[in-house]
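Below: one structure, written as structure tokens.
Nothing in this text is a laboratory measurement; each read-out follows from the coordinates by a stated rule. The shown structure was predicted, so the numbers you read here are calculated from the model rather than taken from an experiment. Using ideal geometry, Cβ is built from the backbone for each residue, glycine included, and neighbour counts are taken over all protein chains shown.
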Amino acid sequence: MYKKETQSVHSGTQFDEKTQGANSPIYTSTAIGYLDSEVTYPRYFNTKNQLAVAAKIAALENAETGMVFSSGMAAITSTLLTFLKTGDHIIFQKGLYGGTFNWGNSELQKFDIEFTIAEGNSSTDFEKALQANTKIIYIETPSNPLLKITDIKAAAEFARSNKLISVIDNTFASPVNQNPIDFGIDLVIHSATKYLGGHSDICAGAVVGSKNLISQIKPTALNFGGSLDAQTCYLLERSIKTIFIRVNQQNKNALQIAGFLSAHAKIEKVFYPGLPNSKEHEIAQKQMKGFGGMLSFELKKGNIIDFQKSLKLIKPAVSLGGVDTTISAPTLTSHRHVPEKDKIKEGITDKILRLSVGIENVEDLIEDLQIGLNM
Ligand SMILES: *Cc1c(COP(=O)(O)O)cnc(C)c1O
């Protein structure tokens, strides 16, 4: 089998018979002939462009197969509602992506599906949340915005011994840095809007896993309709060809910036699993190949809006995972609807900024941060 970098370029590519070119052709038709083949339609998740990019993502995650969606949330909700029905229960780890948290909070009760947000992200916390009707354990690591690390192997073992389906949101790590299926996780989800897309210009999602589980998700996803169009499938396929070069550079830049910030007098704290003194580092080292391009830091004093406005190069923007370095304040963006007392409990203060480190020269990035810190 080819190495991962090679797979990121070649896996799933549809052969271009007309030109013998290097790239998958874009098949634009939604009215597709059916007499000589199975019925094919974008919302059936089975067009050539969907299958091409899904196969590439599955290969990078060591999964048997996968599907792509119109957003990360479409992937998450279609997957979870495949395996949950009225009367069932799901355990969410603490510290989930805001969109996932809001969805659980506002939609699940309509179906009389119960959920528990575990008190933390350890197996003891999951054990405490377990009920007779629990069907799924759902984790996310590194978490947003404090980069907390969940022990993936322990979560997968907890799932196995309690006959649960284990699901992970692997968006922050990307398949370059973390392959949860190797640790026994059943289903791996990505917001492909982030590192898989990598250029802050497409919205997409993916789920990968065994043929058995994915074939169960397909009929439900088809009913919910969160399918991805051919043009975006192709853009995503093209983007993933450079994911190793992008993410490896982002890993390097982030580690260097984390080091710079943690030595700085005006910084209270840096949250990055690659820092040797972080308590998350030990588990991270066991399950991550690189520590990713996401980091957060807490200012000792000063105003986070003024700080962001003073930057020349780093762009204050929501979302993450692009080649451009962006910065955001969780209390003003992803966590603006989280009640004050919950924010305090989680340690998300209004002095915290989250950096999505891009592929620029790291010296320019550090110089820019220095401007903000010198204010
Ligand atoms: C952005 C994000 C999502 C949601 O993805 P969309 O593509 O915006 O629907 C889910 N999980 C994480 C960790 C994310 O960062």
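Counting only residues at least eight positions apart within a chain, or on another chain, the aspartates and glutamates with an alpha carbon under 20 Å from that of residue 85 are 107, 112, 114, 186.
May I ask for the net charge around residue 171, where only other residues with Cβ less than 10 Å from the Cβ of residue 171 are counted and Lys, Arg are +1 while Asp, Glu are -1? In short, -1. Taking every alpha-carbon pair under 8 Å whose residues sit at least 6 apart, the chain reaches a relative contact order of 17 percent. Projected over every direction and averaged, the convex hull enclosing the alpha-carbon atoms of the range 36-115 yields 7.0 nm².
Between residue 222 and residue 263, full extension at 0.36 nm per residue minus the direct alpha carbon distance yields a gain of 9.7 nm.
Give the lysines reachable from residue 266 as a straight Cα distance under 27 Å; neighbours fewer than 8 places away on the same chain don't count. Those lysines meeting the cut-off are 148, 252, 279, 300, 301, 309, 312, 315, 341, 343, 345, 351. Across the range 243-373 the C-alpha pair distances fall into 5 Å bins from zero in the proportions 2, 11, 20, 24, 22, 14, 6, 1, 0 percent. Evaluating 6.51 cos²θ - 1.76 cosθ + 1.60 at θ = phi - 60° for every residue in the range 253-267, the Karplus couplings come out as 4, 5, 4, 5, 5, 4, x, 4, 5, 6, 8, 8, 5, 8, 9 Hz, glycine and proline recorded as x.
For the pair residue 85 and residue 64, what calculated FRET efficiency results from E = 1/(1 + (r/R0)^6), where r is the Cβ-Cβ distance and R0 = 25 Å, to the nearest 0.05?
Here the calculated transfer efficiency is 0.50.
Contact order normalised by length for the range 70-167, with contacts defined as Cα pairs under 8 Å and 6 or more residues apart; what percent is it? Working shown, then result.
Working: 144 pairs, mean separation 28.9, N = 98.
Over the range 70-167, the number comes to 30 percent.
Counting only Cβ charges, +1 for Lys and Arg and -1 for Asp and Glu, the dipole size of the range 4-240 around its Cα centre is about 80 debye. Taking the Cβ of residue 312 as the centre, find all other residues whose Cβ is under 11 Å away and add up their charges (Lys, Arg: +1; Asp, Glu: -1). Surrounding charge for residue 312 is -1.
Charge tally for residue 9 (other residues, Cβ to Cβ under 14 Å; Lys, Arg +1; Asp, Glu -1): +4. According to the square roots a ≥ b ≥ c of the eigenvalues of the Cα gyration tensor, what is the shape class of the chain, taking rounded for a/c under 1.5, prolate for a/b larger than b/c otherwise, and oblate for the remainder? The shape class here is oblate.
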